Amino acid sequence: MDGFLNLNKPLGITSHDCVAQVRRCLRLKRVGHGGTLDPLATGVLPIALGRATRLLNFLPTTKRYRATIRFGVQTGTDDLGGDILVQKPVSDLTLTQVQAVLPEFIGVIQQTPPAFSAIHIQGQRAYDLARRGETVVLPERSVEIFELIVENWQDGAFPELTLLVHCRAGTYIRSLARDVGRKLNIPATLSALTRTESGGMDLAHSTTLEQLQAEVQAQTWQPPAPDQMLNHLPAVTLPPQQVRPWCQGQKQVGSALPSPWWRVYDERGCFLGIGQQIGERELKPHIVLVDPRLEC
């Protein structure tokens, strides 16, 4: 079984837990996910099945979120899953004040990831070091946020702002919540997060774990073909005499159109894999998904 699953991750479990449940449900060993979601986050979690796990890095890299920021509260994890470090009412905060600083977070910005994150530090996850009480210092990184839209504002002692965020992969929404507060000189943390789009998949067409289980039992579930999630890449069709040599690792003549990566097909429409353009016309095999000795 090869393809992708647009999974609607539930609240309270890790992305790794989701992979384990999908693996058991489909009785499939080779399962992976793209774009980790924290346990307190919900929404789109792209899951790759079988040989499609090799294609995860080629999914679209933009993401969309619905994020709620609570002002007046600071936690050790930058979300409500951590210990509260600071809590003070900020009932005088207005939406106008918040909207005045939001433009500073649009574009390419510098962002420090949360200490409790999956980033590797000398072979260990940052969150493992943080849980042991060790000091975690992560360097700033460049991230890109395309759009921030205010969806809702709730007044109160601890007011909450709900934002629609359109960003590039690698952006930490917990850090965004923390930094918006810092710009206003008040504590802030992420109180809720739903990813509405990731890897070219959207929440409206996602599948819950319960739905997946029911469809598998009814024998009605079938994953989309791997290349259906790669339509943002241009396609090239190889003539019959080039197919086997390309699948065996030999460069072949490709399209004259400039693009670093291509979906490669034979004349029957069989998806062969991903090719890398070298120079003006050469197409180098990067990921080959078919056995050149077998029929597609």
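The values are calculated or read from the model by the stated rules, or taken from the named source; none is laboratory data. Please read all numbers here as calculations on a predicted model, not as lab measurements. Backbone-built Cβ (ideal geometry, glycine too); neighbour counts: all protein chains shown. For the accessible areas, the whole protein counts, side chains as well, though only heavy atoms, and no ligand, DNA or RNA atoms are used. Shrake-Rupley method; radii C 1.70, N 1.55, O 1.52, S 1.80 Å.
When residues in the stretch 271-284 are screened for being surrounded by 15 or more Cβ atoms within 10 Å (Cβ to Cβ) and either hydrophobic (A, V, I, L, M, F, W, C) or in the same structural domain as ARG51 (by the TED database) (or both), 4 of them pass. The residue pairs whose first member lies in the stretch 93-105 and is modelled with pLDDT of 95 or more and buried (at least 17 other Cβ atoms within 10 Å of the Cβ), whose second member is of a type in the set (Asp, Glu) and in a helix (DSSP H, G or I), and whose beta carbons are closer than 8 Å, counting only pairs six or more residues apart or on different chains, are PHE105/ASP179. Going through (1) closer than 29 Å to PRO226 by Cα; (2) modelled with pLDDT under 95; (3) among the aliphatic types (A, V, I, L, M) one by one, VAL19 falls short only on (2). Would you point out the residue of the stretch 7-44, among those that are in contact with a Gly (Cβ under 7 Å, 6 or more places away or on another chain) and part of a strand (DSSP E or B), that is least open to solvent (accessible area, probe 1.4 Å)? The extreme case among them is LYS9. For SER259, indicate whether it is closer than 16 Å to PRO60 by Cα, modelled with pLDDT of 90 or more, in contact with a Pro (Cβ under 9 Å, 6 or more places away or on another chain) and surrounded by 13 or more Cβ atoms within 10 Å (Cβ to Cβ). Here the answer is no, as SER259 does not meet what is asked. If only residues of the stretch 207-246 that are open to solvent by 30 Å² or more (accessible area, probe 1.4 Å) and touching a helix residue (DSSP H, G or I) at 6+ places or on another chain (Cβ under 8 Å) are counted, the one that is farthest from ILE13 (Cα to Cα) is MET229.
Taking the criterion of being in a loop (DSSP other than H, G, I, E, B), at pLDDT 95 or above and in the same structural domain as LYS9 (by the TED database), would at least one residue in the stretch 207-220 satisfy it? The answer is yes, given that some residue of the stretch 207-220 is in a loop (DSSP other than H, G, I, E, B), at pLDDT 95 or above and in the same structural domain as LYS9 (by the TED database).
Does VAL243 fit the bill of being in the same structural domain as GLN87 (by the TED database) and among the hydrophobic types (A, V, I, L, M, F, W, C)? No; evaluated as a whole, the condition is false for this residue.
Of the residues in the stretch 151-206, how many are open to solvent by less than 30 Å² (accessible area, probe 1.4 Å), basic (Lys, Arg) and either outside the structural domain of GLY72 (by the TED database) or farther than 16 Å from GLY81 by Cβ (or both)? Residues meeting the conditions: 1.
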